[in-house]
Amino acid sequence: MKKIKKLTITAITALAVATATSSLTPVHAEEAQQAAIEATNNDKRMAQIGGAIRHFLGDKTPIAFKSGLKSGKVNAYYEGDSNNFTVYYSKAKEGKNFNDPSLKDATSYVTIEKKTYASATEAKSAINYSNGQAQMGLPKIQLGSGLTGTLDNANGQKFIHWNSGKWSMTVRSTGSQDPTKTARKIVNKLAGNYLPQPSSRAAGNFVIGQGSGMQKQVMSWDKGNAVYTVKASDLNTLLTFTSSVQ
């Protein structure tokens, strides 16, 4: 996973969020946690949603700039506070304001959450990470972009694992599917993209075949004594969304 030009992207997105935040206004006094999201283009909606998130949860909160949607309008609402929160993103024909009460009944296609621990050590331990030592001696698979994975068969399941920088990646197949194709797809998708940089470690854990779904496609990273986690039902959405987080 190669980094893109971070400074250029950061400058552009920082301007977008600053603009969104500066124009942020509550919809109603009695609904102070709502904010108007007026853009129709999803990239612009994500920037405005990001501005609202940083307004309510802190100006250093990591936010995504890509919805991962190919159609429809992205909407979002959150629960929690600056220490522990979940932001739920949903798709609809109609764009709604950030934290519109009706969104609590919508089905989310991707979420990002933050959990704060008592220490950075606890946060680090909460990441489902493997340094690759346990996979030594297993058959090796070339994944592309100079990365090599290991293939493991256990209890009727297949696992491919690889490490890239501070990220640990694992694809688990719960059926007869070969996880190699999915692992190569992930590597290709992330080539040239910038994933969130953790304080110490990060992990992507993906499931294909029976049992895959919302709770099975997960990417997490630590930042100080906090852990941020993105979950999605669709692998492409997860990768697009997470690689746009800043």
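Which of the residues that make up region 72-91 are of a type in the set (Gly, Ala, Ser) and closer than 15 Å to Ile49 by Cα? Can you show your working first?
Applying the first criterion (of a type in the set (Gly, Ala, Ser)) to region 72-91 yields 72, 76, 80, 82, 90.
Across region 72-91, the qualifying residues are Ala76, Ser90.
For region 28-69, which positions are open to solvent by 80 Å² or more (accessible area, probe 1.4 Å), free of Cβ contacts under 8 Å to residues at least 60 places away in the same chain and within 15 Å of Ser244 (Cβ to Cβ)? If you could, list the steps in order and put the result at the bottom.
Looking only at region 28-69, we keep the residues that are open to solvent by 80 Å² or more (accessible area, probe 1.4 Å), and these are 28-30, 33, 38, 40, 44, 55, 59-60, 66.
Cutting the leftovers down to free of Cβ contacts under 8 Å to residues at least 60 places away in the same chain gives us 28-30, 38, 40, 44, 55, 59-60.
Matches in region 28-69: Lys44 only.
How many residues, within region 90-107, are in contact (Cβ under 8 Å) with a residue 60 or more places away in the chain and open to solvent by less than 50 Å² (accessible area, probe 1.4 Å)?
Step one: of region 90-107, the residues in contact (Cβ under 8 Å) with a residue 60 or more places away in the chain are 97-101.
Going one step further and asking which of them are open to solvent by less than 50 Å² (accessible area, probe 1.4 Å), we end up with 97-100.
Going through region 90-107 one residue at a time, the tally reaches 4.
For region 208-225, what are the residues that are in a loop (DSSP other than H, G, I, E, B) and at pLDDT 95 or above? I'd like the intermediate steps shown before the answer.
Filtering region 208-225 down to residues in a loop (DSSP other than H, G, I, E, B) leaves 209-216, 224-225.
Gly224, Asn225, listed by residue number.
Residues in region 226-233: is at least one open to solvent by 30 Å² or more (accessible area, probe 1.4 Å), polar (S, T, N, Q), outside any helix (DSSP H, G or I) and in contact (Cβ under 8 Å) with a residue 60 or more places away in the chain? Steps first, please.
Kept after step one, since they are open to solvent by 30 Å² or more (accessible area, probe 1.4 Å), are these residues of region 226-233: 231, 233.
This time we only want the ones that are polar (S, T, N, Q), so: 233.
After this cut, where a residue has to be outside any helix (DSSP H, G or I) as well, the list is 233.
When the remaining residues are screened for being in contact (Cβ under 8 Å) with a residue 60 or more places away in the chain, the result is 233.
Looking through region 226-233, at least one residue is open to solvent by 30 Å² or more (accessible area, probe 1.4 Å), polar (S, T, N, Q), outside any helix (DSSP H, G or I) and in contact (Cβ under 8 Å) with a residue 60 or more places away in the chain.
Test Tyr228 against the stated conditions and say whether it is at negative phi and touching a helix residue (DSSP H, G or I) at 6+ places or on another chain (Cβ under 7 Å). Don't jump to the end; show me each part of the working.
Numbers: at negative phi: yes; touching a helix residue (DSSP H, G or I) at 6+ places or on another chain (Cβ under 7 Å): no.
So Tyr228 does not fit the description; no.
Confirm whether Gln177 is over 17 Å from Gln135 (Cβ atoms), at pLDDT below 95 and touching a Gly at 6+ places or on another chain (Cβ under 6 Å). So that I can check it myself, show each step before the final result.
On the way: over 17 Å from Gln135 (Cβ atoms): yes; at pLDDT below 95: yes; touching a Gly at 6+ places or on another chain (Cβ under 6 Å): yes.
It is true that Gln177 is over 17 Å from Gln135 (Cβ atoms), at pLDDT below 95 and touching a Gly at 6+ places or on another chain (Cβ under 6 Å).
With a cut-off of at least 1 residues that are surrounded by fewer than 20 Cβ atoms within 10 Å (Cβ to Cβ) and not aromatic (Phe, Trp, Tyr), name the strands (runs of 3 or more DSSP E) lying wholly within region 121-207. Give the derivation first.
Working: elements: 140-144, 147-154, 157-164, 167-173.
Output list reads 140-144, 147-154, 157-164.
Just give me the residues in region 70-79 being without any contact (Cβ under 8 Å) to a residue 12 or more places away in the chain and not in a loop (DSSP other than H, G, I, E, B), in sequence order.
Selection gives Glu79 alone.
Assess whether Val245 counts as being surrounded by 18 or more Cβ atoms within 10 Å (Cβ to Cβ), touching a residue at least 24 places away in the same chain (Cβ under 8 Å) and assigned to a strand (DSSP E or B). Give the derivation first.
Details: surrounded by 18 or more Cβ atoms within 10 Å (Cβ to Cβ): yes; touching a residue at least 24 places away in the same chain (Cβ under 8 Å): yes; assigned to a strand (DSSP E or B): no.
In short, no.
The values are calculated or read from the model by the stated rules, or taken from the named source; none is laboratory data. As the structure is a prediction and not an experimental result, all values here were calculated from the model. Counting neighbours? That spans all protein chains shown, and the Cβs are built from the backbone with ideal geometry, glycine included. For accessibility, only protein heavy atoms count, side chains too; no ligands or nucleic acids. Shrake-Rupley method; radii C 1.70, N 1.55, O 1.52, S 1.80 Å.
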